[in-house]
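This report refers to the structure that appears directly beneath it.
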Amino acid sequence: MQPNIWFNVCALCILSALIGLYYVKFKAPFKKYYIFLAMSWMALVSTVASLCNNVLPGHVPVWVLQISNCTYFVAQGMLLPSLLLYVHSLTDHSLSDWKRLVPWMVPAAFSMLLILTSWYSDSLFWLDDGGVYHRGSMIWLLYLVTAFDYLGILVRLVRSWRVIAPGERESIGIFLAISLTAVFLQLVFPWLLVENFASALCVMMFQLTVQNPELILDGSSGMLNKQGFSNLLAPMFDQCRSFQVGFLMVDNYHELEKVYGYTRLESRIGVLVSFLKQHPGVVYARLDSDLFCFLPENQQSDQSWTNLLQDLDEDALMTHLRRRRIGMRVQMKMGVINCPKEAESFGALLGLFDMAARLPMANGQDAFRLSPVDVQNLRRRKLIEEQVRSAVKDNSLSMVYQPIYDIRAKRFCSAEALMRMYTEKTGSVSPAEFIRIAEDNGAILKLTRFAVETVCRFLRTAELEKLGLNWMNINLSAVDCAQENLSSRMLEIIHNYQVEPGMISAEITETAFTNMPDSVLANLTELSRAGVTIMLDDYGTGYSNLNRLCSMPLDVVKLDKSLVDHVCTSESARIVMENTVSMMKRLNKKVLVEGVETKEQSDYLISLGVDYFQGYYYARPVDAVHLEELFQSQLEPVAP
Ligand code: C2E
Ligand code: CA
Ligand code: CA
């Protein structure tokens, strides 16, 4: 019976197309992908050899056919062991544990030996004078080895059943079923050359399912996506290997998207992608539309990595963009993270990127490179962010109180409650640092609740009113003020502790009412009606809208330390201060000046008619016990 070569022709077409596609589009730097590529090549080589075996007899010398028959058997014989390696790579990504497979590979190695010696021994096959193939007496051994290979794959599959993703399990199962059927068919009908066609079908099915690059590649740049990059780094983090990851962030991506639209922007971003990709030996990833990462394939000695880092200076990039007539203004942040020192897991790495994205860029700056110190700061910020979330629960917060001096009464009349945070991991953190972080991640609401409760408890238990404390200042952040129910929540706590609302004063900054004037105004009006004093904090640091200032229920304005700092040395600072104080007086507001550090400043401010003083010259922030003692001492008559 004439052999049916058409199955092989179809297999040849399918495999060539798939291998071509792999190189053009589906390449990925994973062991699994390399093994898959090797399998595709083996199937192709086996198909070509099978075609030669069946078409060439009579046209070429017999030794050529000997070679092509050997090639066919070798390629076929390596296919199943490769599949075994592939299944193994699904759970052991870096193939570090490959030694476990050795016993399963021994029969395959033995069969290779048989194939290569069959030329002389005729044990597996022999060719007649016309070059036509005949089975040898020991051909059954090959079928035995094949059966053993199937068993090996099945055992590996069953063992890692739970770890292998569901889609992958089914694909491998179907692969086995198709190829087993083909082996059986070819055993029974030797003229039906379906084995290679079955392999081609299996390769195609793998390409569409398990090897689907969409799962790990970014569609528009062809770089790895977040999942792909995470898969790549996972074994490196697991083995605690030291490596560096570079990143480049398009800081103004979302603004550019508004201007250019997604499609036009992406085509322009393609220029950036081509800039990065011109360095070989580096794996690229696009984790988000605005975030690119790169990792040298060889971390120890890679010249291309050094070149890339040198090239990645803002000027080179800008020149590259300009040369390609990309007129848009791209603002970039870039840097290198040392893993695992600076990021001990993929999650920590993403956390650092997240923090870097939130770093403000200076006005007019087009790019900046994060130094190792910046990265350390980001790490600290990340740590503080984690700690601040659970700060109330972990008891890491406390309050201190900075006394406020009433110049007319010539005594301390109140105090500002200031928060402190101390954790084992961070040490003590300045509120200037952790309050902003808490505002960013929303933890501030819990922090403010803690402050209000602590102050109310203190006022209640120490009976400070009797000691001459007229009120206590609590800082409210812009995020607090934007909450619809701020006033009701605060008043509820105040009532629960049976504190007079008049004993509480809320400090808010100008930024609080720049974005959300309606809800802020409603909150402040309700608090003010209930008897809470409202103070405007940090006056002089923002861009005041004086009209809006007048429409707010403000009782006291706190002038910022920056207005005070130079009053003794600068004429213009004095002009600003004098006019500010007189304007506030005419607007019927009481004036409190913060950050008074010297007697000269204090004397000068007294001459202007300032009402209240707060600063190191008068008193530093103290804990509850010392505040109580201070107020107690004011009551005691001075010894004659
Ligand atoms: P702030 O509200 O302007 O508080 C005044 C800050 O100036 C305090 O710093 C205080 O210790 C410091 N200070 C007072 N007098 C002087 C002085 O004479 N010289 C100098 N150099 N500094 C002086 P602190 O406690 O580090 O607080 C920093 C900022 O953190 C506060 O600025 C406030 O914005 C925020 N903050 C503190 N506690 C809280 C809180 O409970 N809630 C909220 N939302 N923010 C808080
Ligand atoms: Ca304040
Ligand atoms: Ca202030």
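Here are some notes:
- Cα→Cβ-extended label distance, 7 Å offset, between Thr117 and Val55, nm: 3.4 nm
- Size of electric dipole in segment 442-538: Cβ of Lys, Arg +1 and of Asp, Glu -1, about Cα centre, debye, nearest 20: 340 debye
- Per residue, the average separation of C-alpha pairs within less than 8 Å and at least 6 apart gives the chain a relative contact order of 9 percent.
- Sites Glu433 and Cys13, calculated FRET efficiency, Cβ-Cβ separation with R0 56 Å, nearest 0.05: 0.30
- Difference of contour (0.36 nm per residue) and Cα-Cα distance, Glu597 to Glu297: 102.2 nm
- Sites Arg159 and Leu208 - FRET efficiency at Förster radius 25 Å, r taken between beta-carbons, to 0.05: 0.45
- Per residue solvent-accessible surface (Å²) - the chain, probe of 1.4 Å: 48 Å²
- FRET efficiency, 1/(1 + (r/R0)^6) with R0 45 Å, evaluated for Thr525 and Ser390 via beta carbons: 0.85
- Unit charges at the beta carbon, dipole of the chain: most positive-side option, Gly595, Val400, Leu79: Leu79
- A cut-off of 5 Å between modelled amide H atoms, ignoring neighbours fewer than 5 places along the same chain, links Phe125 with Gly136.
- Over all other residues within a Cβ to Cβ distance under 14 Å of Gln483, the charged ones net out to -3, with Lys and Arg as +1 and Asp and Glu as -1.
- Peptides ranked, highest mean first, by Cβ atoms within 10 Å: ranges 148-155, 100-107, 194-201, 332-339: 194-201, 332-339, 148-155, 100-107
- Counting only Cβ charges, +1 for Lys and Arg and -1 for Asp and Glu, the dipole size of the chain around its Cα centre is about 1040 debye.
- Sequence-distant lysines (8 or more away, or on other chains) whose Cα lies within less than 16 Å of Lys561: Lys599
- Eligible lysines near Lys277 by straight Cα distance, threshold 17 Å, same-chain separation 8 or greater: Lys25, Lys27
- Dipole axis of segment 488-640 (+1 Lys, Arg; -1 Asp, Glu on Cβ), positive-most option in Leu605, Leu546, Val532: Leu546
- Taking label positions 7 Å along the Cα-Cβ direction at both Ala348 and Glu170, the computed distance is 3.9 nm, reported to one decimal.
- Compared with the direct C-alpha span, the chain from Asp623 to Asn588 gains 9.3 nm at full extension, assuming 0.36 nm per residue.
- Distance between the 7 Å Cα→Cβ label points at His495 and Thr91: 6.2 nm.
- Protein accessible area in the chain, 1.4 Å probe - carbon and sulfur %: 58 percent
- Each peptide in 570-576, 33-39 receives the mean, over its residues, of other Cβ atoms within 10 Å, and ordering these scores from highest gives 33-39, 570-576.
- Contour excess over end-to-end distance, with Cα ends at Phe184 and Thr263 and 0.36 nm allotted per residue: 23.2 nm
The values are calculated or read from the model by the stated rules, or taken from the named source; none is laboratory data. For clarity, every value in this text was computed on a predicted model and none was experimentally measured. Using ideal geometry, Cβ is built from the backbone for each residue, glycine included, and neighbour counts are taken over all protein chains shown. Note: areas computed on protein heavy atoms with side chains; ligands, DNA, RNA excluded. Shrake-Rupley method; radii C 1.70, N 1.55, O 1.52, S 1.80 Å.
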